[in-house]
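Everything below concerns the one structure shown next.
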Amino acid sequence: MNIENKNETNEIRIEKRFYTVKEFFALLGGVITKSMIYKMIDEGEIPVRRIGNKIVISADWVNAYINAPCIAVKKIREEQVS
């Protein structure tokens, strides 16, 4: 568990370490379906861990994925030029 420094009110903030598929879906704002997320998991595009019967996605991976530059637009433009 990551624990950050205490803030001005002496509260300890604990960072989220994992997201469920449902939480990841919500973070994406419904841009893709849960079925597509599960397909990406099955194909190894989204690395997961199983904790009991839950599938969870590392918060580090989620943050990197969400903040990564979009390469699909570049690929689409390259295909249109070709």
Counting only residues that are surrounded by 10 or more Cβ atoms within 10 Å (Cβ to Cβ) and part of a loop (DSSP other than H, G, I, E, B), how many does segment 24-46 have?
5
Using the structure shown, decide if GLY44 is under 13 Å from the mean Cα position of the chain (by Cα) and modelled with pLDDT of 90 or more.
no
Considering only segment 7-22, how many residues are part of a strand (DSSP E or B) and at pLDDT 80 or above?
3
Hey, can you tell me all the residues within segment 22-55 that are among the hydrophobic types (A, V, I, L, M, F, W, C), over 16 Å from ILE66 (Cβ atoms) and touching a residue at least 24 places away in the same chain (Cβ under 8 Å)?
ILE51, ILE55
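The values are calculated or read from the model by the stated rules, or taken from the named source; none is laboratory data. Bear in mind the structure is a predicted one, so any value in this text is a computation, not a measurement. Glycine gets a Cβ as well: all are built from the backbone with ideal geometry, and neighbour counts include every protein chain shown.
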